[in-house]
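One structure, as structure tokens, below. Some questions next.
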Amino acid sequence: MTTKATEAIDEIKGGAFVRSAANIRDWIKADGSTQYPAEKGRYHLVVSLACPWASRTLFARIVKGLEDVISVTVVHAEFAKTSDDPEDKHVGWHFSPPTDVYPECSPDEFGGCKTVREFYGKFAPTPVTKFTVPILFDKKTSKIVNNESSEIVRMLSSEFNAFSSHPELELYPENLRSEIDAVNEWVYDSINDGVYKCGFSRAQEPYDKSLNALFAGLDRAEEILSKQAFIAGSQLTEADIRLFATLVRFDHVYHTHFKCNKKLVSQYPHLISYTRALYQSGVQSTVNLTHIKNHYYRSHKTINQFSVVPPGPPDNLFELPHDRARFN
């Protein structure tokens, strides 16, 4: 097991949150050009239903029809200590059998690991100090292949078509790549990572800057979605998966917990209709509000010391009618 451990919430420079990059970046390729060829049943995802980055991969797995191709382990929603050393204060993701509150959870079946930190210690190809999900794991070599969600989504989109129920669906189509890349850049900076930059800020100036950028990004997305069905054009792409993962958590968590309270997503007519349409497209299992609310409010003790969980909007917020059929 590694001796050093870091958390995203502590990645602060000058009072501003600056996220470090994922560092296990190997690729599965359908053509066998890497050490990880695409095979049915060989690969496994370790995810949290609370984590927006992990939920991206679950969304892609469903819409590509890979549920019988890529297996999944869901970790416990709430952070816990990852070491028995009383001097080691690190908290993070841990494995758990199903519980009454979290029946979706399951233990680690590959190494008997108690924590994701231990899983990295056993299976990472290089030393790791930040123990994130999602994890794309190779059951044949017992190695972690990749822990960068955007790259995992692309692998699921393109490299498993021989086994996919929906090989015709391309989440990164060649004719839209320039548009997708451009949207991904500003959505990530202002919205996906923007909510964290607000929530983890430890000084007023970086918080104000991040908050203004966040709502400028939401306003921009609202304007785009008033005119077209999806954020990068007329079809579902990975850009929608990335945006959805933040929007679906916004009113229940980010608005309050991360102090992003200038406006609710449900106050944007096009953003909320778009979020409902995506939610109702068959990916409801990737959105578990119990995991989401309990994770954020009970895991970030420096933000919410007493772990009080507010109810937020009604849980059926995304089941209400939408008007996106007008773009069909």
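So V128 ticks every box in (1) surrounded by 16 or more Cβ atoms within 10 Å (Cβ to Cβ); (2) of a type in the set (V, I, T); (3) modelled with pLDDT of 95 or more but one. Which box is left unticked?
(3)
Considering only residues that are of a type in the set (S, T, N, Q) and touching a residue at least 12 places away in the same chain (Cβ under 8 Å), which ones fall in segment 265-283?
Start the filter on segment 265-283 by keeping residues that are of a type in the set (S, T, N, Q), which leaves 266-267, 273, 275, 280-281.
Of everything in segment 265-283, those that are of a type in the set (S, T, N, Q) and touching a residue at least 12 places away in the same chain (Cβ under 8 Å) turn out to be S266, S273, T275, Q280, S281.
Does S281 satisfy the condition of being part of a helix (DSSP H, G or I) and closer than 28 Å to A77 by Cβ? Don't jump to the end; show me each part of the working.
Numbers: part of a helix (DSSP H, G or I): no; closer than 28 Å to A77 by Cβ: yes.
No, not satisfied.
Would you pick out the residues in segment 273-328 that are of a type in the set (K, R), loosely packed, with under 15 Cβ neighbours inside 10 Å and in contact with a Lys or Arg (Cβ under 9 Å, 6 or more places away or on another chain)?
First, the residues of segment 273-328 that are of a type in the set (K, R): 276, 293, 298, 301, 324, 326.
Next, from what is left, pick out any that are loosely packed, with under 15 Cβ neighbours inside 10 Å: 301, 326.
Across segment 273-328, there are no qualifying residues.
For segment 60-75, give me the residue count where each residue is of a type in the set (V, I, T) and without any contact (Cβ under 8 Å) to a residue 12 or more places away in the chain.
Qualifying residue count for the region: 0.
Also, quick follow-up: Could you list, in sequence order, the residues of segment 138-163 that are more than 21 Å from the chain's Cα centre (by Cα) and either surrounded by 19 or more Cβ atoms within 10 Å (Cβ to Cβ) or of a type in the set (F, W, Y) (or both)?
From segment 138-163, those more than 21 Å from the chain's Cα centre (by Cα) are 139-143, 161-163; that's our starting set.
Selection gives F163 alone.
The values are calculated or read from the model by the stated rules, or taken from the named source; none is laboratory data. Please read these numbers as outputs of a predicted model, since none were measured by experiment. Virtual Cβ from ideal backbone geometry, glycine too; neighbours counted across all protein chains shown.
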